[in-house]
């Protein structure tokens, strides 16, 4: 497999560091705005439902379901579209959509029209924008970097930013909810997407349009091609399966934990935001150390241990008991170790997917994998909400965290990802794509 040195916007070599790649840095800044906006939403959206609209467990489960189900419903179609068009344009459109929809929350609240049906509709629309943006940026990065040897470095930088957003976003959201209102936190969120759109518009590098589809090719044909690749490549197949189950249990755990912390443990919104923020510093560490770990240890060993660190400590969430300070500390430890492991895992699986997939299939591959991941994630939130309505929130939290530990242990032992020693190479482009 041949490689080339990353190029700067003026066509000169970018040198041994992405810090000299102007377009990557500009993209990185836009992604930073987007990630901070998304992480404010993580806490502000359910708190809007719980505090402002007095949502019940079943409604919170539906809210989570509508946020993630667009990945399953629309992801494969968006994958075909992304492979046919410029990906930067798609990212700009996706974040413009999220800007408008999230901006509706404070507007409707100011008009006295915000209710649960409106919030559910907005959540579904925001989920659509998230699908298009995620598929596009993951397919855009290899084009921007140009050298596969820099993918782990690029994804590590992006993951570190994501973890930083995890750390700051919820704390900012919790403070805004406490000082003002949950809808005001959503207004700040809308502003971050505006910053993302502006940054993406400033990227100077010209993105070559994808080659036109062969005559007679149909969307259904291209969908099948992407799905065949995901099913046929054992590494990507396992990434989709493990990622889907991980999202299932995370989506079942997070909204129930928020409900349990606020209503059963009487944790203030500001303290809850602080727990998420301090805990998310683990993700920053994961983003920083991932590349160093893969340089010293087999890639599969790093992946396996990171997956264990990500999920086993989640048992502390339902098990925490005693004085409030002790409980809050245990909550923070669980959320610290979770992002530490998850960030490391995400860097590795995104890099593997990007590296093994032919460029012409990146959009469809990412869409198919994300459809599995977030489709199962949507079911996790919905099922947890239904179970909590009958069993209670605390019991449901026990079920979701215990199930995640069983899944991780099975996944580590059976997955071929755990046995990788180095980054696998790109597969050959399918004949049907060259026709």
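Give, in whole angstrom and from largest to smallest, the semi-axes √(5λ) of the equivalent ellipsoid of region 20-87, with λ running over the eigenvalues of the Cα gyration tensor. List each step's numbers first, then the result.
Details: eigenvalues 193, 81, 7 Å².
Sorted largest first and rounded, they come to 31, 20, 6 Å.
The calculated FRET efficiency for residue 395 paired with residue 56, based on their beta-carbon distance and R0 = 25 Å, is about 0.95.
Taking region 93-199, how much of its Cα-Cα pair set, in percent, is spaced more than 23 angstrom apart?
Values: 2121 of 5671 pairs.
It works out to 37 percent of all Cα pairs.
Considering only alpha-carbon pairs that sit under 8 angstrom and 6 or more positions apart, the relative contact order computed for the chain is 28 percent. Counting every pair of alpha carbons in region 20-172, the share spaced more than 20 Å apart comes to 54 percent. For residue 231 and residue 295, the FRET efficiency from 1/(1 + (r/R0)^6), where r spans their Cβ atoms and R0 equals 41 Å, is about 0.80. Between residue 204 and residue 406, the simple label model (points 7 Å from Cα in the Cβ direction) yields a spacing of 5.7 nm.
If you build the convex hull over the alpha carbons only and average its shadow over all orientations, what do you get for the chain? Give it in nm² to one decimal.
On the way: hull surface 79.7 nm².
About 19.9 nm², averaged over all directions.
For residue 319 and residue 25, what is the calculated FRET efficiency with R₀ set at 56 Å and r taken between the beta-carbons, to the nearest 0.05? Before the final figure, lay out each step's value.
Details: r = 43 Å, r/R0 = 0.77.
After rounding, the FRET efficiency stands at 0.85.
Packing around the peptides 63-75, 262-274, 280-292, taken as the average count of other Cβ atoms within 10 Å per residue, puts them in this order, highest first: 63-75, 280-292, 262-274. In terms of packing, defined here as the mean over residues of other Cβ atoms within 10 angstrom, the peptides 303-314, 382-393, 223-234 line up highest first as 303-314, 382-393, 223-234.
In the chain, helices alone account for a calculated mean residue ellipticity at 222 nm of -26500 deg cm²/dmol, with every DSSP H run of four or more residues adding -39,500 (n - 2.57).
Note on region 338-418: Cα-Cα pairs beyond 15 Å make up 71% of the total pair count.
Computed from the coordinates by the stated procedures, all read-outs in this text should not be read as laboratory data. Everything quoted here is computed from the prediction, not taken from an experiment. Backbone-built Cβ (ideal geometry, glycine too); neighbour counts: all protein chains shown.
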